[in-house]
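Student: Below: one structure in structure tokens.
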Amino acid sequence: MGNQIVETVIGGVVLAFAAIFLIFAYRTADIGSGGNGVHLTARFDQIDGLNVGSDVRMSGIKVGTVTSQDLDPQTFQAIVGLSVDSAIKLPEDTAAKVASEGLLGGSYLALEPGGADELLESGDEITYTQSAVNLMDLIGQAIFSAGSGKSE
């Protein structure tokens, strides 16, 4: 009977630690934080490496999160939904580009504000975009352009 009480207490402690860990992970990952920001969309030809939950950064500082990804069946462009902190006021000529964190790192969405007087509001679309640069394509171009030099 004494062993059953000890096992029950240990099980309760394990469940309590699991609950604490899940709450910590939920808050750290910013899950569900998209509800209080400005919701915008942007269209890209390629979004290689960009996933739902990826950072949206401005000047290297996280200001939002990628909330959705869809494919436009008419233009075959990727439509990216993002949520930006409502304290950040973005001009309507803001540019968005898919940037890489490094050679082995993931991708994030970089915002570069413009100089327009009008501001983007929730539901607007960022019209100036730059797609992801495919590193393998760049390496291939460099190899083939170096090998195509003619020696006389």
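Bear in mind these aren't lab numbers, they're just calculated from the coordinates by the rules spelled out. Given the structure is predicted, the values throughout are model-derived calculations rather than measurements. Note that each Cβ is placed from the backbone with ideal geometry, even for glycine, and that neighbours are counted across all protein chains shown.
Student: Tell me which residues, restricted to region 95-125, are touching a Pro at 6+ places or on another chain (Cβ under 9 Å) and over 14 Å from residue 38 (Cα atoms). Break it down stepwise before answering.
Tutor: Initial filter on region 95-125 (touching a Pro at 6+ places or on another chain (Cβ under 9 Å)): 95, 113-120.
Scanning region 95-125 gives 95, 113, 114, 115, 116, 117, 118.
Student: Look through 86, 100 and report the one residue that is farther than 21 Å from residue 51 by Cβ and in contact with a helix residue (DSSP H, G or I) (Cβ under 8 Å, 6 or more places away or on another chain). Before you say what the answer is, go through the steps one by one.
Tutor: On the way: 100 fails: farther than 21 Å from residue 51 by Cβ.
So the residue among 86, 100 that is farther than 21 Å from residue 51 by Cβ and in contact with a helix residue (DSSP H, G or I) (Cβ under 8 Å, 6 or more places away or on another chain) is 86.
Student: Hey, another quick one. Select, from 38, 84, the only residue that is within 21 Å of residue 113 (Cα to Cα), without any contact (Cβ under 8 Å) to a residue 60 or more places away in the chain, surrounded by 13 or more Cβ atoms within 10 Å (Cβ to Cβ) and of a type in the set (Val, Ile, Thr). Before you say what the answer is, go through the steps one by one.
Tutor: Values: 38 fails: without any contact (Cβ under 8 Å) to a residue 60 or more places away in the chain.
The conditions single out 84.
Student: Sticking with this structure for a sec: Tally up the residues in region 55-81 that are of a type in the set (Ser, Thr, Tyr) and closer than 15 Å to residue 129 by Cβ, please. So that I can check it myself, show each step before the final result.
Tutor: Step one: filter region 55-81 for residues of a type in the set (Ser, Thr, Tyr), giving 59, 65, 67-68, 75.
Those still in the list that are closer than 15 Å to residue 129 by Cβ too: 75.
Residues flagged as of a type in the set (Ser, Thr, Tyr) and closer than 15 Å to residue 129 by Cβ within region 55-81 amount to 1.
Let's see how each residue does on (1) surrounded by 10 or more Cβ atoms within 10 Å (Cβ to Cβ); (2) over 25 Å from residue 106 (Cβ atoms); (3) touching a residue at least 40 places away in the same chain (Cβ under 8 Å):
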{"site": "11", "(1), (2), (3)": "yes, yes, no"}
{"site": "28", "(1), (2), (3)": "no, no, no"}
{"site": "67", "(1), (2), (3)": "yes, no, no"}
{"site": "77", "(1), (2), (3)": "yes, no, no"}
{"site": "92", "(1), (2), (3)": "yes, yes, no"}
